[in-house]
Amino acid sequence: MSNSPWHYPRTEFADRVIQSFVSGGSTALTLFAPRRTGKTQFLIHDLAPAAERLNCTVVYASFWQTADTPVDTLIHAIERATEKPGFWQRAHSALTGMKPKIRIAPMGIGGEVDLSGAQKPEVQQDPLLTLDDRIGGLPATEKTPVLFMLDEVQGLAAPEHGAFVAALRTSLDKRRDTVRTIFTGSSVDGLRAMFSNRQAPFFHFGSNIDLPALGEDFVRHMLKAHKTATSRDVAFEAAMAFFLEVDRSPYMMRNVLERMALNPDYDFATAATRIREELAERQGFPVLWSELNALAQAVLVEIVRGETALTSMAARKRLGQATGEDAISPGRVSGAIRTLGRKHIIHKIDGNWALQDSDFGRYVDTLIPMANTSPSV
């Protein structure tokens with residue numbers, strides 16, 4: 001568990017998930033939550049420690065920035081998980097008194113080792129088979145299973161990753177008694193493509209769970225951490241109002257309070273403005289916006305405004321005014337929606353289109369007056 005006073009532990013939820021895994025009630029779970037709502041913090045600082053307290057081996061892999069090479073990403077994560085201080089030395093020492101040629105594979109490192117000094121040359125094999133060997137080499141029992149925490153997996157739904165996903169499903173299926181997996185994602189569409197599509201390898205592989213929403217206890221915890229750092233009080237009512245304004249985002253709440261700790265003259269609005277400006281640049285929001293054509297921009301503005309009937313006559317009239325065109329057909333609107341979906345900008349929630357990243361939505365909101373008068377071409 002994190003030692004940072006800013007970390008708010010979700011201990012009860014972590015314990016419930018772990019007990020479900022260890023008792024055999026669940027072998028796989030899928031967890032959806034928008035970006036910057038605390039999924040990764042929960043996995044690393046709450047769920048992993050809870051699993052390790054039960055002597056489970058934990059493998060964490062994020063596919064957010066490395067989705068192009070998922071096999072390498074997961075193999076690397078497995079190797080990191082087995083780099084516990086002294087583990088290799090203890091395994092090697094325990095085996096040195098045995099026969100001259102033995103296989104040392106408790107950590108999935110693979111390859112035969114000649115303890116007399118000559119190493120047998122490794123045979124090159126398919127990376128997917130190597131991954132299967134690595135998973136099979138992890139130390140696990142029914143009472144102390146391996147826990148795979150696979151973060152931001154929505155990108156794996158792309159067709160080019162079909163072989164990897166199928167191979168991973170096979171590897172996990174073979175070890176249902178000793179391997180548990182939690183998949184997380186920030187895209188409803190991506191997770192649906194992986195777990196709800198009948199043709200997908202992971203169709204109905206895991207049960208869905210929700211990350212519990214944070215509330216007053218979280219806000220009070222953060223204000224306590226702020227006071228510890230600064231000896232200054234912040235009004236709970238103002239903090240709670242801001243937390244609700246940012247859709248209960250723990251990322252924004254923590255960063256704003258940290259910024260206020262460094263700048264005593266900042267209030268919530270000032271600190272949030274500074275952070276959003278920096279976040280927009282860091283996440284490439286201006287570039288993402290500029291790469292959209294005029295119609296896609298106008299459709300995005302409609303979604304940010306809360307419009308749901310995007311192909312209605314009234315909506316198409318507004319789209320025409322925004323783009324400087326006389327008429328926008330329903331087919332063209334649908335095409336713009338598909339473009340926004342392919343770029344992972346929007347997804348459907350409860351039947352309506354919504355932005356995947358609420359911070360990008362707020363960035364677009366600041367551009368709406370300009371978008372209405374000066375659409376990009």
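Just so it is clear, none of the values below were taken in a lab; they were calculated from the coordinates. Because the structure is predicted, anything quoted here is derived from the model rather than measured. Every residue, glycine as well, gets a Cβ built from its backbone with ideal geometry; the counts of neighbours run over all protein chains shown.
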remark   = Expressed in angstrom and rounded, the centroid-to-centroid distance over alpha carbons for segment 267-334 and segment 36-65 is 35
inquiry  = Restricting the calculation to Cα positions, tell me the Rg (one decimal) and the Dmax (whole number) of the chain in Å.
reply    = 24.6, 84
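Calculate for the chain the 222 nm mean residue ellipticity that helices alone would give, adding -39,500 (n - 2.57) per DSSP H run of length 4 or more and normalising by residue count, nearest 500 deg cm²/dmol. Walk me through the intermediate numbers first.
Working: 17 runs with 183 residues, N = 377.
That calculation yields -14500 deg cm²/dmol at 222 nm.
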request  = Enumerate the aspartates and glutamates that Lys224 could reach by cross-link, defined here as Cα to Cα under 13 Å, with residues fewer than 8 away along the same chain left out.
outcome  = Glu216, Asp233, Glu258
request  = Sort Thr40, Thr141 so the one with the fewest other Cβ atoms within 10 Å of its own Cβ comes first.
outcome  = Thr141, Thr40
Volume per residue of the C-alpha convex hull in segment 183-320, rounded to whole Å³ = 182
Residues whose placed amide H lies under 5 Å from that of Val59, excluding near-sequence neighbours = Leu147, Phe148, Met149
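Using only alpha-carbon positions, what ratio does the radius of gyration of segment 285-373 give when scaled by 2.2 N^0.38 Å?
On the way: Rg = 11.8 Å, N = 89, 2.2 N^0.38 = 12.1 Å.
Scaled against compact globular proteins, the figure is 0.98.
When a footprinting reagent is the concern and you count Cβ atoms within 10 Å, what order do Tyr8, Tyr60 take, fewest first? List each step's numbers first, then the result.
Values: Tyr8 24, Tyr60 18.
In order of increasing Cβ crowding within 10 Å: Tyr60, Tyr8.
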ask   = For segment 236-374, what is the relative contact order in percent, using Cα pairs closer than 8 Å and at least 6 residues apart in sequence?
value = 21
key: All-pairs alpha carbon distance profile, segment 216-282, 10 Å steps from 0, percent   = 21, 60, 18, 1
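Suppose R0 equals 56 Å. What FRET efficiency, 1/(1 + (r/R0)^6) with r the Cβ-Cβ distance, do Lys348 and Ser231 give to the nearest 0.05?
Working: r = 47 Å, r/R0 = 0.84.
About 0.75, to the nearest 0.05.
Which whole-number percent is the relative contact order of the chain (Cα, under 8 Å, 6+ apart)? Please list the in-between numbers first.
Numbers: 500 pairs, mean separation 64.4, N = 377.
Relative contact order, the chain: 17 percent.
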key: Among Thr181, Thr73, Thr366: highest mean-square fluctuation, GNM of the chain, C-alpha pairs under 10 Å   = Thr366
query = Listing Ile337, Ile346 from the residue with the fewest other Cβ atoms within 10 Å to the one with the most, what is the order?
reply = Ile337, Ile346
